[in-house]
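Trainee: Pasting a structure here, questions to come.
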Amino acid sequence: MPVELRDIALLGGVSVAHAWQLSRFARRVGAARGKFKVNFPATTGNEDFERYYRAQMNALEFFPIFSTTLWMGGLFFHQVPAAIAGVVYIYARQKYFNGYIISVKDRLPGFKLCVRSIIALLGMCVLGFGHLAIETFTGINIREQYLQQYLKF
């Protein structure tokens, strides 16, 4: 079955929003360099700057995990719940960044929500891959043969 643009439009929107967010984080770290007088290429020396820097680096470290689970969850499960989880992740990442620049402890609520969003996306991946495997290897389409009876799609 071919994928049409409308099948991935929400995923694309979430991806662009996340890219914009990462660019904003980079600008804030650049501004913090000037504010705390941390010259290139240094990344240490001022504790306040280091929190900005670590908040940005953590966002970049999670980027491949988020991107992969967003797209695989959206393609193999459904784009709407994947996009919703993606928006929650972006909100949580903002909360994490804003908390981290205040104190190390204040990053935790945002971080926990980020992890929960990733777990939800991973769950969508597993369910989607599982459904495809069952349909491919047994010929059973769970969605058509069972769920539609009970959920009245």
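The values are calculated or read from the model by the stated rules, or taken from the named source; none is laboratory data. Since we're looking at a predicted model, the values are computed, not measured. Glycine gets a Cβ as well: all are built from the backbone with ideal geometry, and neighbour counts include every protein chain shown. Just the protein is used for accessible areas: all its heavy atoms, side chains included, with ligands, DNA and RNA removed. Shrake-Rupley method; radii C 1.70, N 1.55, O 1.52, S 1.80 Å.
Trainee: So, in nm, how far is label Tyr146 from label Ile102 when the simple model puts each one 7 Å beyond its Cα toward the Cβ?
Mentor: Taking the simple label geometry, Tyr146 and Ile102 are separated by 4.6 nm.
Trainee: Below 8 Å, C-alpha to C-alpha, sequence gap of six or more: please give me the relative contact order for the chain in percent.
Mentor: Numbers: 147 pairs, mean separation 33.6, N = 153.
After rounding, I find 22 percent.
Trainee: Bin by bin, in steps of 5 Å, what percent of the Cα pairs in region 31-75 do you find, going until the bin that has the longest distance?
Mentor: Once binned at 5 Å, the Cα pair distances of region 31-75 give 5, 21, 21, 14, 10, 9, 8, 7, 3, 0.
Trainee: Now a separate question. So if each residue of separation counts as 0.36 nm, and I subtract the Cα-Cα distance between Trp20 and Val88, what length gain in nm does that give?
Mentor: Extending this stretch completely gives an extra 22.9 nm.
Trainee: Now for a different question. Please compute the length gained on full extension between Thr136 and Glu61, using 0.36 nm multiplied by the number of residues separating them and subtracting their Cα-Cα distance.
Mentor: Taking Thr136 through Glu61 to full extension adds about 23.6 nm, to one decimal.
Trainee: Let me ask something additional. If the convex hull of the alpha-carbon atoms of the chain is projected onto planes in all directions, what is the mean projected area in square nanometres?
Mentor: Numbers: hull surface 43.8 nm².
Approximately 11.0 nm², given one-decimal rounding.
Trainee: Moving on. Each label point is 7 Å from the Cα along the Cα-to-Cβ direction; what then is the distance between the points at Phe129 and Asp7, in nm?
Mentor: According to this spin-label approximation, the distance is 1.9 nm.
Trainee: Leaving out ligands, DNA and RNA, what percent of the accessible area of region 95-153 is carbon and sulfur, probe 1.4 Å?
Mentor: Ligands and nucleic acids excluded, carbon and sulfur reach 66 percent.
Trainee: Per residue, what volume in Å³ does the Cα convex hull of region 95-150 take up?
Mentor: 85
Trainee: Hey, in the GNM for the chain with a 10 angstrom Cα cutoff, which one of Ala55, Ala32, Ala120 fluctuates hardest?
Mentor: The residue with the greatest mean-square fluctuation here is Ala32.
Trainee: Could you check which residue among Val88, Val14, Val104 shows the biggest mean-square fluctuation in a GNM of the chain with a 10 Å Cα cutoff?
Mentor: Val104
Trainee: Only Cα pairs within less than 10 Å get springs; with that Gaussian network setup on the chain, which residue of His18, His131, His78 has the largest fluctuation?
Mentor: In this elastic network of the chain, the residue with the biggest mean-square fluctuation among His18, His131, His78 is His131.
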